[in-house]
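Below is one structure, written out as structure tokens; the observations come after it.
The values are calculated or read from the model by the stated rules, or taken from the named source; none is laboratory data. Given the structure is predicted, the values throughout are model-derived calculations rather than measurements. Ligands, DNA and RNA are excluded from the accessible area calculation, which covers all protein heavy atoms including side chains. Shrake-Rupley method; radii C 1.70, N 1.55, O 1.52, S 1.80 Å.
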Amino acid sequence: MENLEFIKSLTQEEVFETWRKGEENIEHWKTFWESKGYKSWEEWRRTTHKTLFEKPLKWGLYTVSDPLITIPEWRGGMFHSWNKWFYVNFPEKPPKLKDLLTHPGVQNHWYVREIAHNFKDVETTLMATRLLNDTINIAEGIHRACAITLMAHEKINLNAKILVMLADWPNQEPPKLGNWDNK
């Protein structure tokens, strides 16, 4: 895998707890999951990412070398809302992040722009799946991944260590994430 340096293997619970530490206390996400009727961050995320956590997957933690070059080549995740609002006009679903950035709703998304122009984290961890053909799809951190892609596009320096928790996905179709039943 080009531009990924293996650090260590992870259990699924280590992956989930790392995600919790990074996201659970972000205020706008709390407002979001509460508005959807979830009682907790954990209930929300265990529901939206059930396909990732219902089967045993091999997880590894990696450092992303050259993230401004590497991450734009990755693909978005098959998130229901992103598929519905942003992937519609792309022949490949999900599209590469560098292609997704051409969508005005992504390029001008308030949160993507906020992260790109005020990247404060010294270190951040994304979650992704690697398909059988070595394609990498974002499973968590799509806004940060799009922000890094925007930074590459706008030639903004990134002074942060980017890590990815990567699962080997057992087929060619990325996992569907989000609430596909609530179309």
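Here are the numbers for this structure:
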| quantity | calculated |
| --- | --- |
| Average Cα contact separation per residue, region 4-168, under 8 Å, 6 or more apart, as relative contact order % | 28 |
| The chain, accessible surface, carbon-and-sulfur percent (1.4 angstrom probe) | 49 |
| Helix-derived mean residue ellipticity, 222 nm - over the chain, DSSP H n ≥ 4, -39500 (n - 2.57), to 500 | -10000 deg cm²/dmol |
| Antiparallel %, DSSP beta bridges [both residues in the chain], to 5 | 60 |
| Karplus-derived HN-Hα couplings along region 3-18 (A = 6.51, B = -1.76, C = 1.60, θ = phi - 60°), whole Hz, x at Gly and Pro | 6, 10, 10, 5, 9, 6, 7, 10, 7, 4, 5, 5, 4, 4, 5, 5 |
| Per-residue ³J(HN,Hα) for region 42-49, Karplus 6.51 cos²θ - 1.76 cosθ + 1.60, θ = phi - 60°, Hz, x for Gly and Pro | 4, 4, 4, 6, 5, 7, 5, 10 |
| Cut-off under 5 Å, modelled amide H: who pairs with Leu126 long-range | Leu163, Val164, Met165 |
| Residues of the chain: accessible area per residue with a 1.4 Å probe, Å² | 53 |
| Under Karplus coefficients 6.51, -1.76 and 1.60, residue-wise ³J(HN,Hα) of region 132-142 in Hz, glycine/proline x | 4, 8, 6, 5, 10, 10, 5, 10, 7, x, 4 |
| Long-range amide H partners of His49 with built H, under 5 Å | Gly178 |
